[in-house]
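> First the structure, which I've put down as structure tokens, then a few questions once you've had a look.
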Amino acid sequence: MKRLFVIAGMVAAFTLAVASVGASGGVNFGGTWTLDKTKSQGMSPRMENAESVNCVITQDDKTISMEWKVAGGQPPAGGGGGGMGRGPSGPQVFNLDGKEVTSEGGGQMGGTNTMKATWSTDGKTLELSSVRTGSFNGNEFKATQVDKLSMSEDGKVLTVNRHNESPRGTTDSTLVFKKQ
């Protein structure tokens, strides 16, 4: 009987630990990351042609912020950041509590942007989804981007598996970054 209580206590402690890792955020992805083009696949033309691509991530217990810095290269036709974050308007900020956040889009397209961050149960992978809706030149559009972030055991390599769906089509890419 005593053994049963010990086992039940250990299971309860393990379950609580796993739940708290997911809730508290698990891995901290914070830092400045440089794209390794030789290990990345399915990059946008702007990323392929850029002199450098950096992703600056700031993370605390409540939020994660991603800001893309692209040096050189041409933006895709029609402007925009090529699905690389918010571009010149600043970083994209996600709440880490799992709740959706909707904000009004600015600029000529207006609309809304709904973002959500979801941790894997082991706290090692973070899924960041963004759904933008609006109107461009009188045409309604919807663009979805899902980034799945994971880090190497030594904390030196960040991998972003990206899935985009928009009126321009569907793309998948694997972006590999080295920590600066």
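The values are calculated or read from the model by the stated rules, or taken from the named source; none is laboratory data. As the structure is a computational prediction, the values presented were derived from the model and not from experiment. In this analysis, Cβ positions are derived from the backbone assuming ideal geometry, glycine residues included, and neighbour counts consider all displayed protein chains.
> Of the residues Ser40, Ser65, Ser44, which single one is surrounded by 14 or more Cβ atoms within 10 Å (Cβ to Cβ), in contact with a Phe, Trp or Tyr (Cβ under 8 Å, 6 or more places away or on another chain), among the hydroxyl-bearing types (Ser, Thr, Tyr) and modelled with pLDDT of 60 or more? Let's see the steps before the verdict.
Numbers: Ser40 fails: in contact with a Phe, Trp or Tyr (Cβ under 8 Å, 6 or more places away or on another chain); Ser44 fails: in contact with a Phe, Trp or Tyr (Cβ under 8 Å, 6 or more places away or on another chain).
One residue alone meets the criteria, Ser65.
> Checking the conditions here, which among Thr114, Thr159 is of a type in the set (Ser, Thr, Tyr) and either touching a residue at least 60 places away in the same chain (Cβ under 8 Å) or within 13 Å of Val27 (Cβ to Cβ) (or both)? Can you show your working first?
On the way: Thr114 fails: either touching a residue at least 60 places away in the same chain (Cβ under 8 Å) or within 13 Å of Val27 (Cβ to Cβ) (or both).
Of Thr114, Thr159, the one residue that is of a type in the set (Ser, Thr, Tyr) and either touching a residue at least 60 places away in the same chain (Cβ under 8 Å) or within 13 Å of Val27 (Cβ to Cβ) (or both) is Thr159.
> Can you report the number of residues in the range 142-163 which are farther than 16 Å from Ser40 by Cβ and exposed (fewer than 14 other Cβ atoms within 10 Å of the Cβ)?
Matching residues across the range 142-163 total 4.
> Follow-up question, since we're still on this one. Kindly provide the set of residues from the range 164-178 that are surrounded by fewer than 17 Cβ atoms within 10 Å (Cβ to Cβ) and assigned to a strand (DSSP E or B), ordered by number.
Initial filter on the range 164-178 (surrounded by fewer than 17 Cβ atoms within 10 Å (Cβ to Cβ)): 165-172, 174, 178.
Matches in the range 164-178: Glu165, Ser166, Gly169, Thr170, Thr171, Asp172, Thr174, Lys178.
> Considering the range 98-141 alone, what residues qualify as being out of contact with any strand residue (DSSP E or B) (no Cβ under 8 Å at 6 or more places or on another chain), modelled with pLDDT of 90 or more and surrounded by fewer than 17 Cβ atoms within 10 Å (Cβ to Cβ)? Before you say what the answer is, go through the steps one by one.
Of the residues in the range 98-141, the ones out of contact with any strand residue (DSSP E or B) (no Cβ under 8 Å at 6 or more places or on another chain) are 106-107, 121-123, 136-139.
If we keep only those that are modelled with pLDDT of 90 or more as well, we get 121-123.
Answer for the range 98-141, where residues must be out of contact with any strand residue (DSSP E or B) (no Cβ under 8 Å at 6 or more places or on another chain), modelled with pLDDT of 90 or more and surrounded by fewer than 17 Cβ atoms within 10 Å (Cβ to Cβ): Thr121, Asp122.
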